[in-house]
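A quick write-up on the structure given underneath.
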Amino acid sequence: MSPSLVDMPELAMERILRFLDFKACLTLRHVCRDLRNFIDDDVNYSILPDSKFTKITVTVELNLIRFKFTGSRGSIWLTYNIRENMCTRMFNSHKRLLMDVDPVEVAVRDMDLVLRFQKTTMKRIIFNIQDSNLTESFTIILERRKRKIKVETLIVLASQPYQIVSIVNAKVLKEIVMRPLVDQEDFQLLDFSEIVETEQWKNAEELDARNFVFPNEQLRNLTHFSRANVWIHRISVEEIDYLKNHCRNNIEIRLQHPTSSEELSMKWGPSCRRHVTKDDWYFRTRDAEKILRITNDERFCDIVMSIRKMREGSIPENAEILEF
């Protein structure tokens, strides 16, 4: 009788796993418990194939959780229709009813299983959290993962994105994008006090948090970003001056209440008017090849403060370059 997979020595099983792709390993897990335990054993993590996903979309709606894993060979869908103590799980077109289970626990466990095969850093992960009743339990279970998710860009569409930010690997994260559930013209309140203390926030290079009100007392936590885009109720000339002296590259601030160009002129002198509604001031920086431009833009009754480093040759001839 030919030996079965279960009876093979561990060295032989390791060699087999090295030749399998991600989907084949998932299939092999369902053959029997011994194979599943062998594949799931942390000792064998290094020999598992890389799923090589570039993007993951996580959607949490009323009574529904959906994952979309996207790679160069297409997408894999996992959908969970949730009812009390049960759910219907659909893997691509295959459907299965699960009874007497915690549906959120099942969904996150499956996600964790798929992410276990992700060795390379993903380009993007999107969390679209629309059901606040499921959000807390979903994020608590995600935080139990042994390995943080390795991704360059994190996009969170949620009213409270803090817990989601903490589950990604801070060492590889480059960009944080946060949005309320629905884009609105009105500012959305958010407590930034915990988010700005995370390693993810401190290590990220870019931030886009438009539509959330950013607190003035946290302005110092924007200056390490190479690009930041936030909304603030109002900002003083002194606070703008602080950003001028500390920003790394580009900070854009949209204000609910205008800042007066006249007040800025009293601080820095006359502006260089680039447009009917735009006033510019230019400053030298420590980098001799670049300058800092501050733009007060009064269009549409909103104010956009842009702090950017530019090459000196691109400024208007009549602009005065100010010293810090």
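Miscellaneous remarks
- Size of electric dipole in the chain: Cβ of Lys, Arg +1 and of Asp, Glu -1, about Cα centre, debye, nearest 20: 1360
- Backbone N atoms of the range 20-36 closer than 16 Å to the 7 Å Cα→Cβ label point of Glu10 belong to residues 34-36.
- Leu20 versus Glu136: modelled label distance in nm, points set 7 Å from Cα along the beta carbon direction: 4.0
- Matching the structure-derived semi-axes √(5λ) of the Cα gyration tensor in Å against the labelled list (i) 38, 20, 19; (ii) 50, 22, 14; (iii) 27, 25, 17 gives the label (ii).
- Label separation (Arg36 vs His275): 6.0 nm, computed from points 7 Å beyond Cα along the C-beta direction.
- Exposed-site-free run, longest, the chain (rule: GluC sites (Glu not before Pro); DSSP loop; at most 10 other C-beta within 10 Å): 186-288
- Förster radius 45 Å - calculated FRET efficiency between Lys174 and Ile47, Cβ distance, rounded to 0.05: 0.95
- Cβ-defined net charge surrounding Met99, 12 Å radius [Lys, Arg +1; Asp, Glu -1]: 0
- Cβ-derived FRET efficiency at R0 25 Å, Gln218 paired with His257, nearest 0.05: 0.90
- Cβ-to-Cβ counts within 10 Å put Val165, Val237 in ascending order as Val237, Val165, the fewest first.
- Applying a DSSP loop filter and a limit of 16 other Cβ atoms within 10 Å to the trypsin sites (Lys or Arg not before Pro) in the range 9-84 leaves Lys52, Arg73.
- Whole-Å distance, taken between Cα centres, linking the range 245-267 and the range 65-80: 43
- Beta-bridge orientation, the chain: approximately 60 percent antiparallel, per DSSP, counting only bridges with both partners inside.
- Structural descriptor for the range 40-192: relative contact order 19 percent, calculated from alpha carbon pairs under 8 angstrom and at least 6 residues apart.
- Modelled spin labels at Arg286 and Arg29, positioned 7 Å past Cα toward Cβ, are 4.8 nm from each other.
- Each residue in Thr223, Thr259, Thr120, Thr139 was given a count of other beta-carbon atoms within 10 angstrom of its own, and listing them fewest first yields Thr120, Thr223, Thr259, Thr139.
- Taking a straight Cα-Cα cut-off under 20 Å and skipping sequence neighbours fewer than 8 places away in the same chain, the lysines within cross-link reach of Lys52 are Lys23, Lys68, Lys119, Lys123, Lys146, Lys148, Lys150, Lys171, Lys174.
- Taking a point 7 Å from the Cα of Arg248 along the Cα-to-Cβ direction, the residues of the range 131-174 with backbone N closer than 11 Å to it are 174.
- Estimated FRET transfer efficiency (Asn203, Glu84; beta-carbon r; R0 56 Å; 0.05): 0.85
- Calculated mean residue ellipticity, 222 nm, the chain: -6500 deg cm²/dmol, from DSSP H runs (n ≥ 4) at -39500 (n - 2.57) each, averaged per residue and rounded to 500.
- Counting only DSSP beta bridges with both residues in the range 218-304, the antiparallel share comes to about 70 percent.
- In plain terms, the residue of Cys25, Cys32, Cys87 with the fewest other Cβ atoms within 10 Å comes first and the most crowded comes last, giving Cys32, Cys25, Cys87.
Laboratory data are not the source of any read-out in this text; all were calculated from the coordinates shown. Since this is a predicted model, take the numbers as computed values, not measurements. When we count neighbours, we look across all protein chains shown, and the Cβ atoms used for this are built from the backbone with ideal geometry, even at glycine.
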